[in-house]
Ligand SMILES: [Zn+2]
């Protein structure tokens, strides 16, 4: 009979540390005895693990547990230490770059945001990204805080092994060795993933999906992206490309998509689709305040402009959001049938107009998805709005530290060293 390979002591200790940290993340404040009960680890082991975590500042004591029935010394409650160190979360969007600096509780301490619409080349955009990341990192360095790393979301497929941006259809980029390039400029750990995957994790750790073990995140911006969390884990797929829901064919004879296919879901549900619906209605003769607001130049349309028009009862704006809601509902009904999630979170720029399309989405889903699955699924708007992806960058680094704490506990230069 083959012998099972035994887990070495160091690995076992890291697994136990990760278990304690995750239990604190989900259930703090808890005393050591509570941790022992919840993790199944004996009290002496928990004490030893907590001592190490306290010494390195990942955990802190926060007063007496008044619910404890233990006789003898009063129990002291513990929680993850928000001041353990800093994290940077960032999003390289199709037409903007966003960078946030947070503490270890995802509280935003500084931010940078710039439009990249005027930048023409890949080099210009990457230089801008590097400058904004460096400015964010200066905030950390100025305060001499420990630093865990940078989580960066990008609008495309990412090779998890080396952090290469393989294909970003809406940027028109292929094969950019992003992690190598960025680590060369800024010598800190980088974690790079698809924007919607990151946002899914962000909402799952720090947002509206905190109580859901399974959720679908849908980012409706320039394109349509998705991230799927199942059993508390981000679904990677065979190559890490799962969640590219925007490129499901919904209309076989539909418009050409930037991915090369025709009739993808994002040709019907995205910022571009919304602008097209407005333009088509006006060109077909409908009157709208958007005609005067844009001076007839549809390139001037923005999502906030259409939201404002809808708030004023503009029929073209309202009907355009209805179309978004209809097609969003059609695709979502299929996803809900397939994945049976507890929660669907809608984020991205279009979520600004949620009051006008969400009722339609809910109605279409209730009509098209299996009743039992749709009734079990809450459809919510992302709680971090347009910050969801950057907060997801924070969550990505945070999750890494909690699951592989040894890289932090054994560091000497105030910088996380992931394996
Ligand atoms: Zn496509």
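Just a few scattered comments:
- Simple spin-label estimate for residue 376 and residue 338 gives 1.8 nm between the two label positions (7 Å along the Cα-to-Cβ direction from each Cα).
- Sorted by Cβ density within 10 Å, fewest first, the residues 244, 91: 244, 91
- Descending semi-axes in Å of segment 211-382, equivalent ellipsoid built from Cα gyration tensor: 29, 17, 14
- Compactness of segment 263-357 - radius of gyration and Dmax, Cα, Å: 14.0, 46
- Segment residue 253-residue 300, extension gain: residue separation times 0.36 nm, minus the distance between their alpha carbons: 14.1 nm
- The C-alpha atoms of segment 196-237 occupy a region whose extents along the principal axes are 28, 23, 12 Å, arranged from largest to smallest.
- Helix 354-368 axis versus longest C-alpha principal axis of the chain: approximately 90°, rounded to the nearest ten.
- Sorted by Cβ density within 10 Å, fewest first, the residues 98, 291, 320, 115: 115, 291, 98, 320
- Ranking of 406, 102 by count of other Cβ atoms within 10 Å, fewest first: 406, 102
- Folded to 0 to 90 degrees: helix 195-206 orientation relative to the chain principal axis, Cα: 50 degrees
- Crossing angle, helix 388-403 versus the chain [Cα axis fit, 0-90 degrees, rounded to tens]: 20 degrees
- When the alpha carbon gyration tensor of the chain is reduced to an equivalent ellipsoid, the three semi-axes, largest first, read 41, 25, 20 Å.
- Separation of alpha-carbon centers, segment 255-275 and segment 99-129, rounded to whole Å: 26 Å
- Averaging the Cα positions of each part gives two centres, and for segment 379-402 and segment 6-69 these lie 25 Å apart.
- Potential lengthening between residue 9 and residue 166 on full extension [0.36 nm per residue; Cα-Cα distance subtracted]: 52.7 nm
- Computed over the alpha-carbon pairs of segment 9-80, the distance histogram in 5 Å steps reads 3, 17, 30, 29, 13, 5, 2, 0 percent, short to long.
- Our analysis of segment 159-266 gives Rg over Rh at 1.01, with the two radii drawn from alpha carbon positions and Rh computed by the Kirkwood formula.
- Euclidean distance of C-alpha centroids, segment 228-251 and segment 169-199, integer Å: 19 Å
- Förster radius 25 Å - calculated FRET efficiency between residue 403 and residue 185 (Cβ-Cβ, nearest 0.05): 0.40
- Projected area, mean over directions - segment 95-181, Cα convex hull, nm²: 6.1 nm²
- Divide the volume of the convex hull around the Cα atoms of segment 22-171 by the residue count and you get 149 Å³ per residue.
- Within a Gaussian network of the chain (alpha carbon springs, distance under 10 Å), most fluctuating of 403, 48, 388: 48
- In the elastic network of the chain, a GNM with C-alpha springs shorter than 10 Å, the most mobile of 178, 49, 129 is 49.
A short reminder: the numbers here are calculations on the coordinates, not readings from a lab. Worth saying up front: this structure is predicted, and the values here are computed from it rather than measured. Glycine gets a Cβ as well: all are built from the backbone with ideal geometry, and neighbour counts include every protein chain shown.
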